Amino acid sequence: MTLNNLFDVAGKVAVVTGGSSGIGAMMAQGLLENGAKVYITARKADRLMAAAEELSKFGECSAIPGDMSSVEGIEAFVAEVSSHESKVDILINNAGANWAAPIADFPEVGWDKVMDINIKSIFFAIQKFLPLLKAAGTADDPARVINIASINGIRNSGMPTYAYSASKSGVIHLTEHLATDLASQNINVNAIAPGLFPSNMTKQIVENDGMTTAAIARIPRGRMGKPEDIAGTAIFLSSAASAWLTGQAIVLDGGMISTA
C-alpha cells in the first residue's frame with residue numbers, strides 16, 4: 001500500500017476529450033507526468049496541435065482532431081484511436097460548451113449545442129469506446145471513465161445558463177446509471193464536479209479583477225482551483241486507490257457549494 005502503487009498510472013492509455021485547454025489540458029499533463037500515454041481531442045485542429053506539442057514535453061501525447069457533438073464525429077475519433085491502441089484504460093469526457101441568454105431569448109441552437117457536447121457526447125463516447133474499455137479492465141484494476149460535470153449541475157449558479165446547468169446535472173445522474181450497468185464489465189464510472197478553475201469558459205471571470213475577487217470571496221478555501229487540484233483528482237480516479245469507487249461525483253470547489 002505504498003503511494004507509488006496506490007496512485008500509479010504509468011503505462012496506462014488515456015483519452016481526454018476537450019484536452020487542448022483548461023482543465024482538460026491540466027488533467028492530460030498530470031497523467032503524462034506520471035507515465036500515462038495520452039490522446040487528446042478537440043474540434044479546433046490548430047489549437048489542439050499546439051496543445052499536443054506543449055504537452056509532449058511531459059510525456060507521450062497524441063492529438064486527434066474530432067467533433068464530439070455528433071455520433072459520426074465520435075465514431076471517427078474512436079476508429080482513429082482504435083487504429084493505434086488495442087485498449088483504453090482511462091476515458092475522460094471533458095469536452096464542454098456553454099451558452100448564456102435570458103430565458104425569454106434563449107435560442108434552440110444554443111440549447112442543442114450545449115446538450116450535444118455536454119451530455120449526448122458523453123453517452124455515445126462511452127458506448128463507442130466500450131470494446132477498448134472492456135479490453136483494458138480487470139476485476140482488480142477496472143478501466144476508468146471520468147465524466148466532467150460541474151457544481152452548477154448541483155446548485156443554481158445564478159446565471160442564465162439553463163442548458164449548461166441542466167446538462168451537467170444530467171452528467172451526474174448518467175454517471176450513477178452507467179456505473180451500475182458497467183461495473184460487471186470491469187469499468188468504473190465516476191464524475192468530477194469542478195468549481196472555479198481558470199479556463200476558456202471562465203475567462204470572463206478570471207480576466208476581470210472585480211469579478212475574480214467576488215467569486216473567490218464565495219470560496220471558503222480562498223482561491224480558485226489549481227492544475228494540481230484537478231490533475232490529482234483525475235489521477236486518484238484513474239489509479240488503484242479508487243478501484244472500489246464507482247458511481248460517485250466528487251465535488252472539487254474549495255468548499256463553495258457547501259456554504260450554499
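Values in this text are rule-based calculations from the coordinates and carry no lab data. It should be emphasised that the depicted structure is a prediction, and the values quoted were computed from it without experimental measurement. We place every Cβ from the backbone using ideal geometry, glycine too, and count neighbours over all the protein chains shown.
Each Lys and Arg contributes +1 and each Asp and Glu -1, all at the Cβ; summed about the Cα centre of segment 102-260, the dipole is approximately 140 debye.
Partner aspartates and glutamates whose Cα lies under 12 Å from the Cα of residue 134, excluding those fewer than 8 positions away in the same chain, are identified as 89.
In the elastic network of the chain, a GNM with C-alpha springs shorter than 10 Å, the most mobile of 171, 114, 71 is 71.
For the chain, the alpha carbon convex hull comes to 127 Å³ per residue, rounded to a whole number. Under a Gaussian network description of the chain, with springs only between Cα atoms under 10 Å, the residue in 115, 27, 211 that fluctuates furthest is 211. In segment 131-191 the Cα-Cα distances spread across 5 Å bins starting at 0 as 4, 20, 23, 16, 13, 10, 7, 5, 1 percent of all pairs. Ignoring lysines fewer than eight residues from residue 57 along the same chain, the ones with Cα atoms less than 20 angstrom from its Cα are 12, 37, 226. As a rough footprinting exposure proxy, the listed residues 113, 57, 12 were ranked by other beta carbons within 10 Å of their own, and the order from fewest upward is 57, 113, 12. Hand me the trypsin sites (Lys or Arg not before Pro) from segment 213-260 located in a DSSP loop with no more than 13 other Cβ atoms within 10 Å, in residue order please. Those that pass, being in a loop and sparsely packed, are 221, 223. Each residue, residue 245 and residue 207, gets one label point 7 Å from its Cα in the Cβ direction; the gap between the two is 3.4 nm. Using Cα springs under 10 Å in a Gaussian network model of the chain, which residue among 145, 206, 13 shows the largest mean-square fluctuation? Residue with maximal mean-square fluctuation among 145, 206, 13: 206. Relative contact order, whole percent, for segment 124-198 stands at 40, derived from Cα pairs under 8 Å and 6 or more residues apart.
Compared with the dominant principal axis of the Cα atoms in the chain, helix 71-82 is inclined by about 40°. The H on the amide N of residue 252, modeled in the peptide plane, is under 5 Å from the matching H of 193, 195, each at least 5 residues off or on a different chain. Over the chain, dividing the summed -39,500 (n - 2.57) contributions of all DSSP H runs of at least 4 residues by the number of residues returns a 222 nm mean residue ellipticity of -12500 deg cm²/dmol. With respect to the chain, whose longest principal axis is taken over its alpha-carbon atoms, helix 227-238 is tilted by about 40°. Where the centre of each part is set by its Cα atoms, how far does segment 198-260 sit from segment 118-163, in angstrom? Measuring centre to centre over Cα atoms gives 17 Å.
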